[in-house]
Amino acid sequence: MTADVLTSVAEGVATVTLNRPAKKNALTTAMYAALADALDAAAADADVRAVVLQGDERVFCAGNDIGDFVGLPQTGGDLPALRFLRALARFPKPVVAAVCGPAVGVGATMLLHCDLVYAGEGATLLFPFVDLGLVPEAASSLLLPQVVGHQRAAEALLLGEPLPAATARDAGLVNRVLPDAEVLGLARTQAARLAAKPVAAVVETKRLLRSGAQAAVLDRIEEEGAVFARLLGEPAAQAALGSFLARP
Ligand code: COA
């Protein structure tokens, strides 16, 4: 249990809120475990017909907690982060993301597994893995080029170029950009619309939309996880992560 992830269910919609704003919603091991548990519970609960994944009006998620990174074992294994990513990739009901402010690292890659993504005008997606001496995760090395094309994916993943909300929308990563104050409300409205539709038709349609790539996505999550864990122990990553932690 952690108060850094909040969950609630109302009128067919489970809302999962990242709630560690003082650390820009950077995900700790405990938060990954809570997120995985929340998704497992929502998948099993017949009263839940859609999920909203959100931060607040200022920040979505600054990625993995960098302090936690440094202390992690260097094997992929059954880390809560992988459990969360697998649960999200397999999640059978629609997921609506509300993104304001920074969405960095896993904060950006998790959006590739969401079905609808609404972003505030101040949102920015950033995939800084290479600059950290790491590789992309959450099957983003597979999914990002599928959505935006190879060259734009290379710009985001190799160069680490930020994608402001409008750029992300134009590239197909975001459905709509709106004032930050309206994003959570629209995500709720869209999730409620989904929850009101015939449930079997919604779930089967999501399955059909996702099933062509799902086995490859799950394989890629494991492959990336193994390389990521290896590179985490290398000097380039240790130096980059260490310099973030040593900031004044
Ligand atoms: N891990 C751990 N702590 C983090 C964090 C992360 N990924 N991201 C932010 N924080 C913490 C900061 O250390 C700071 O803590 P402090 O107030 O105790 O010093 C607090 O959150 C606020 O962050 P700050 O950098 O001051 O906010 P900002 O608005 O200037 O910048 C970000 C926001 C997200 C752009 C910036 O924090 C950042 O680049 N974070 C790292 C992102 C990253 O590389 N994630 C890993 C991806 S694999």
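The values are calculated or read from the model by the stated rules, or taken from the named source; none is laboratory data. A quick note: this is a predicted structure, and the numbers were derived from the prediction, not measured. Counting neighbours? That spans all protein chains shown, and the Cβs are built from the backbone with ideal geometry, glycine included.
Here is the figure for segment 32-48: residues that are crowded, with 24+ Cβ neighbours inside 10 Å and assigned to a loop (DSSP other than H, G, I, E, B) total 0.
Here's the yes/no breakdown for (1) out of contact with any Ser or Thr (no Cβ under 6 Å at 6 or more places or on another chain); (2) at pLDDT below 95; (3) buried (at least 20 other Cβ atoms within 10 Å of the Cβ):
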{"site": "Arg152", "(1), (2), (3)": "yes, no, no"}
{"site": "Glu155", "(1), (2), (3)": "yes, no, no"}
{"site": "Gln190", "(1), (2), (3)": "yes, no, yes"}
{"site": "Arg193", "(1), (2), (3)": "yes, no, no"}
{"site": "Glu204", "(1), (2), (3)": "yes, no, no"}
{"site": "Ala213", "(1), (2), (3)": "yes, yes, no"}
{"site": "Leu218", "(1), (2), (3)": "yes, no, no"}
{"site": "Gln238", "(1), (2), (3)": "yes, yes, no"}
{"site": "Leu245", "(1), (2), (3)": "yes, yes, no"}
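Of the residues making up segment 84-138, those that are farther than 24 Å from Ala154 by Cβ, part of a loop (DSSP other than H, G, I, E, B) and away from the ligand (no atom under 12 Å from the Cβ) are Phe91, Pro92, Lys93, Pro94, Cys100, Asp115, Glu121. Within the bounds of segment 128-142, is there any residue that is aromatic (Phe, Trp, Tyr), buried (at least 19 other Cβ atoms within 10 Å of the Cβ), at pLDDT 95 or above and under 30 Å from Ala46 (Cα atoms)? Scanning segment 128-142, I find no residue that is aromatic (Phe, Trp, Tyr), buried (at least 19 other Cβ atoms within 10 Å of the Cβ), at pLDDT 95 or above and under 30 Å from Ala46 (Cα atoms), so the answer is no.
How about segment 139-248: which helices (runs of 4 or more DSSP H) wholly inside it have at least 2 residues that are away from the ligand (no atom under 16 Å from the Cβ) and under 21 Å from Pro102 (Cα atoms)? It comes to 140-148, 150-157, 165-171, 180-195.
Does segment 16-31 hold any residues that are under 17 Å from the mean Cα position of the chain (by Cα), at negative phi and surrounded by fewer than 24 Cβ atoms within 10 Å (Cβ to Cβ), and which are they? Within segment 16-31, Val16, Thr17, Asn19, Arg20, Pro21, Lys23, Thr28, Thr29, Ala30 qualify.
Look at (1) at pLDDT 95 or above; (2) away from the ligand (no atom under 12 Å from the Cβ); (3) buried (at least 18 other Cβ atoms within 10 Å of the Cβ); (4) not basic (Lys, Arg) and you find that Asp56 fails only one, number (3). Contact map, segment 219-248: first residue among the β-branched types (Val, Ile, Thr), second residue more than 14 Å from the ligand (Cβ to nearest atom), Cβ cut-off under 6 Å, separation 6 or more or different chains; pairs are Ile221/Ala139. Look at segment 180-198: where a residue is in contact (Cβ under 8 Å) with a residue 60 or more places away in the chain and a partner is among the aromatic types (Phe, Trp, Tyr), sitting 6+ places away or on another chain with Cβ atoms under 6 Å, you get Val183/Tyr118; Leu186/Tyr118; Ala187/Tyr118. Hey, does segment 65-78 have a residue that's at pLDDT 95 or above and either under 15 Å from Ala14 (Cβ atoms) or crowded, with 24+ Cβ neighbours inside 10 Å (or both)? Checked against the condition, which is being at pLDDT 95 or above and either under 15 Å from Ala14 (Cβ atoms) or crowded, with 24+ Cβ neighbours inside 10 Å (or both), segment 65-78 yields no hits at all.
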